[in-house]
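First up is the structure itself, then whatever we jot down about it.
Just so you know, all these numbers are worked out from the coordinates, no wet-lab data involved. None of these values were measured; they are calculated from a predicted model. Here Cβ is always computed from backbone atoms with ideal geometry, including for glycine, and neighbour counts include all displayed protein chains.
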Amino acid sequence: MLLLNYCLSFFLVILIFPFDQTEGVLVEKKDLFFRLPGNVSFNVRSVDYYTDDEGHSCFSFLSRNKKQKIYRYDYETQELIDSIDLVRFHTRFQGHKSINDDSVLVYDYVHSALFLINKQGHLLKRYNINNDYVDPKVWTPMPIVYKDGYVYLGGYLYNPKGKYKPSPIFLKLDLETGEKQYLYHYPDIYLRNNWGGDGVGYWFYYDFIEDENMFIFSFPFDEYVHLTNFEDIDTSILMKSKYLSRAEPYSYFKFIEPDLRKSCKHFVENPTYKNILYDPYRKLFYRIGEYPQEFEGMKWRKKITIIVYNVNYKYITEKTIEDYHGNAPYTMFVGKRGLHFQYVVNESVMAFKTFVLTNK
């Protein structure tokens, strides 16, 4: 029965996504340059690509400085549209998502609360998220997702010393009633083995496939991605790099609890995966893989590879990037022009390289 359900889910995915490009290379196209206002850093907390009420493509980011603001730009012209001042709330916001021209969701990391605000920066409604199940870790690779009056947030609570249970890692919030539903779980590979305790190995990443109302998940030590609509589709599909081997668990015994340094060492010295992004314009998936390297301390930057699969989950190509701005994996986004990857020009602009898949 399990095999039958898996096959039905897989063939449903194939029917949903008819595209089958299997060759190509990632090439650089015209860069994007968003000019920054004075005293605003290009090191930001989150970015958001969205369509405004008139159908225009827009880009926004949440600043990292103490006087936090959301800056919104026209994606095509890179001209600043407006900014939303958040300083009145006297807290630290971690992520944001535009619902429409007048309403934005921002996540208060300090108090574990979601704020709905207008473009004047006034609070419309506050939702307390803090609970016993899901502790949201909101940033660009784990975005706030809004769909039909519901908000989805990812996060986890880890039970140490071998007491880990397959507790929910996802939250669905009804914006009208405030009702919460707890969804989803770590894949079996995480439940069977010890991947280093409550550390970076338990971070996870996801994106929303809006046309099909489905989520796709990527976990650091899992070569498979996981596709679900939280109802009748829940399947795992291999989406790995040709350059990375399979990671080894920290231990096959769940009760062994490493300290943070040992957990980070295990993470750095093994191949891992992070961001997963869906490209609705070209019907592609981009998954970020990380090469293993020697552990030299608690600060590291692993060489990455951008892996490209089509929507039938066939491998197309990948591109290795060795030297990049440390914030780049956390500000990657997909737009009409391609996959955008941040790099540094100078202090006055937020710059992105643009990668597009072309035929060989």
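Within region 39-90, the trypsin sites (Lys or Arg not before Pro) that combine a DSSP coil assignment with at most 10 other C-beta atoms in a 10 angstrom radius are Lys66, Lys67. Across region 136-153, rounded Karplus estimates of 3J(HN,Hα) from the backbone phi angles (6.51 cos²θ - 1.76 cosθ + 1.60, θ = phi - 60°) give x, 10, 8, 7, 4, x, 10, x, 6, 10, 10, 8, 6, x, 10, 10, 10, 10 Hz, Gly and Pro being marked x. Extension gain for the segment Leu80 to Leu123, taken as residue separation times 0.36 nm less the Cα-Cα distance, is 13.2 nm to one decimal. Relative intensity of the chain on a log10 scale, I(q)/I(0) at q = 0.10, 0.12, 0.14 Å⁻¹, equals -0.63, -0.94, -1.32, per a Debye sum over C-alpha point scatterers of equal strength in the absence of solvent. This model, with +1 at the C-beta of Lys and Arg and -1 at the C-beta of Asp and Glu, gives region 180-228 a dipole about its Cα centre of some 300 debye. Largest GNM mean-square fluctuation among Glu54, Glu322, Glu28, using the chain with Cα springs under 10 Å: Glu54.
Is there a pair in Lys137/Lys319; Lys30/Lys119; Lys97/Lys137; Lys97/Lys172; Lys137/Lys254 whose C-alpha atoms are over 19 Å apart, and which pairs would that be? Write down the numbers at each step before the final one.
Values: Lys137/Lys319 28 Å; Lys30/Lys119 31 Å; Lys97/Lys137 14 Å; Lys97/Lys172 15 Å; Lys137/Lys254 24 Å.
Listed pairs above 19 Å: Lys137/Lys319; Lys30/Lys119; Lys137/Lys254.
Once backbone amide H atoms are built at 1.01 Å from N, Ser46 has Leu62 as its partners under 5 Å, excluding neighbours fewer than 5 places away on the same chain. Projecting the Cα atoms of Asn310, Ala247, Tyr273 onto the dipole axis of the chain, where Lys and Arg carry +1 and Asp and Glu carry -1 at the beta carbon, places Ala247 farthest toward the positive end. Computed 3J(HN,Hα) for region 302-308, one whole-Hz value per residue from the Karplus formula 6.51 cos²θ - 1.76 cosθ + 1.60 where θ = phi - 60°, is 7, 4, 10, 10, 8, 9, 10, glycine and proline marked x. Paramagnetic label reach from Thr51 (point 7 Å along Cα→Cβ; backbone nitrogen cut-off under 12 Å): within region 311-354, residues 336. Using alpha carbons only, how many angstrom separate the centre of region 291-318 from the centre of region 90-126? First find each Cα centre; the distance between them is then 32 Å.
State the answer as a single residue: which of Gly154, Ser112, Ile256 lies farthest towards the positive end of the charge dipole of the chain, with beta carbon charges of +1 for Lys and Arg and -1 for Asp and Glu, about the Cα centre. The Cα lying farthest towards the positive end belongs to Ile256. Residues whose amide H comes within less than 5 Å of that of Asp82, counting only those at least five positions distant or on another chain, are Arg72 (H built at 1.01 Å from N in the peptide plane). Of the residues Pro37, Ile81, Thr228, the one whose Cα sits farthest toward the positive end of the charge dipole of the chain, with +1 on the Cβ of Lys and Arg and -1 on the Cβ of Asp and Glu, is Pro37. If R0 is 25 Å, the Cβ-Cβ spacing of Asn359 and Tyr313 corresponds to a FRET efficiency of close to 0.80. This model, with +1 at the C-beta of Lys and Arg and -1 at the C-beta of Asp and Glu, gives region 55-157 a dipole about its Cα centre of some 420 debye.
What number, rounded to the nearest 500 deg cm²/dmol, is the helix-based mean residue ellipticity at 222 nm of the chain, given -39500 (n - 2.57) per DSSP H run of at least four residues and division by all its residues? If you can, show how the numbers build up before the last one.
On the way: 3 runs with 29 residues, N = 360.
Calculated at 222 nm, the ellipticity per residue is -2500 deg cm²/dmol.
For the chain, the dipole from Cβ point charges (+1 on Lys and Arg, -1 on Asp and Glu) about the Cα centre works out to 1100 debye, to the nearest 20.
Taking 25 Å as R0, compute the FRET efficiency from the Cβ-Cβ separation of Glu296 and Arg246 and round it to 0.05. Before the final figure, lay out each step's value.
Values: r = 24 Å, r/R0 = 0.95.
Calculated transfer efficiency: 0.60.
Binning the alpha carbon pair distances of region 184-226 at 10 angstrom intervals from zero yields the distribution 25, 52, 18, 4, expressed in whole percent.
For the pairs Lys125/Lys262; Lys67/Lys262; Lys66/Lys302; Lys67/Lys299, note any where the Cα-Cα span goes beyond 31 Å. From the list (Lys125/Lys262; Lys67/Lys262; Lys66/Lys302; Lys67/Lys299), the Cα-Cα distance tops 31 Å for Lys125/Lys262; Lys67/Lys262.
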